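A.B. asks: Have a look at this one.
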Ligand SMILES: C[S@@+](CC[C@H](N)C(=O)[O-])C[C@H]1O[C@@H](n2cnc3c(N)ncnc32)[C@H](O)[C@@H]1O
């Protein structure tokens, strides 16, 4: 499976930015693996807010977080990440150290419910606005499914257009994989 090394790499990059006591956002909670990672990194004094449109995803994530004993440091919101700015406290703006996106559909869930270009782009911009200087946003992008192709193109075009004095934009991709492997986009808000 080619996803695992990229996800591991995403977490490495986020770990550089994250410290205990920080605040972080999981824009696509899904089964809660990434939410759990963020919750563990921010520790008991930090906070994580997670978004997903599916109740099933949030239920699974809630159980995972409760089992790990970190649920009290996480708020899960059943709403689109496109509304992220309304879903986090006002004083989080410019203070968020990590934002994670893992696009596509819920593994083991309804494959008809997928992230889509318009809402994803709105959410990415909102996430970037929330980031603290030095904060990192990672985006796992899958172009192997039908809606994923359009979304992948839209996200990469958006990322390419970002002002280089404000954000570092890196793309991590496999050079030797066939069948549309996922790519990892990583953005670091610059200090200024
Ligand atoms: C690939 S899964 C995420 C996996 C997750 N990060 C994990 O660790 O298990 C993508 C998730 O995005 C969710 N999603 C789709 N559209 C969304 C939207 N507009 N806002 C927030 N979440 C959305 C899906 O319901 C699905 O659970």
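Each value in this text was obtained by applying a stated rule to the coordinates, not by laboratory testing. This one's a predicted model, so the numbers in the text were calculated from it and none came from an experiment. Positions of Cβ are generated from backbone atoms using ideal geometry, with glycine treated the same way; all protein chains shown enter the neighbour counts.
A.B. asks: Would you mind calculating the gained length between residue 68 and residue 118 on full extension (0.36 nm times residue separation, minus the Cα-Cα distance), in nm to one decimal?
C.D. replies: 14.6 nm
A.B. asks: Return a whole-number percent for the relative contact order of region 3-189, with Cα pairs under 8 Å and 6 or more residues apart as the contact set.
C.D. replies: Value for region 3-189: 21 percent.
A.B. asks: Moving to a separate point now. Can you give me the distance in nm between label points at residue 45 and residue 190, each placed 7 Å from the Cα along the Cα-to-Cβ direction?
C.D. replies: 3.2
A.B. asks: Computed FRET efficiency, Cβ-Cβ of residue 175 and residue 129, R0 35 Å: what is it to the nearest 0.05?
C.D. replies: My answer for the efficiency is 0.60.
A.B. asks: Cα centroids of region 30-82 and region 136-192: how far apart, whole angstrom?
C.D. replies: After rounding, the separation between the Cα centres reads 23 Å.
A.B. asks: Which of 79, 140, 56, 84 has the fewest other C-beta atoms within 10 Å, and how do the rest follow up to the most? If you can, show how the numbers build up before the last one.
C.D. replies: Numbers: 79 12, 140 21, 56 15, 84 25.
The most exposed by this proxy come first: 79, 56, 140, 84.
A.B. asks: Same structure, new question: Give me the percent of Cα-Cα pairs in region 11-135 that sit more than 21 Å apart, rounded to a whole number.
C.D. replies: 32
A.B. asks: If R₀ is 30 angstrom, what is the calculated FRET efficiency for the pair residue 55 and residue 93, using the beta carbon separation as r and rounding to 0.05?
C.D. replies: 0.60
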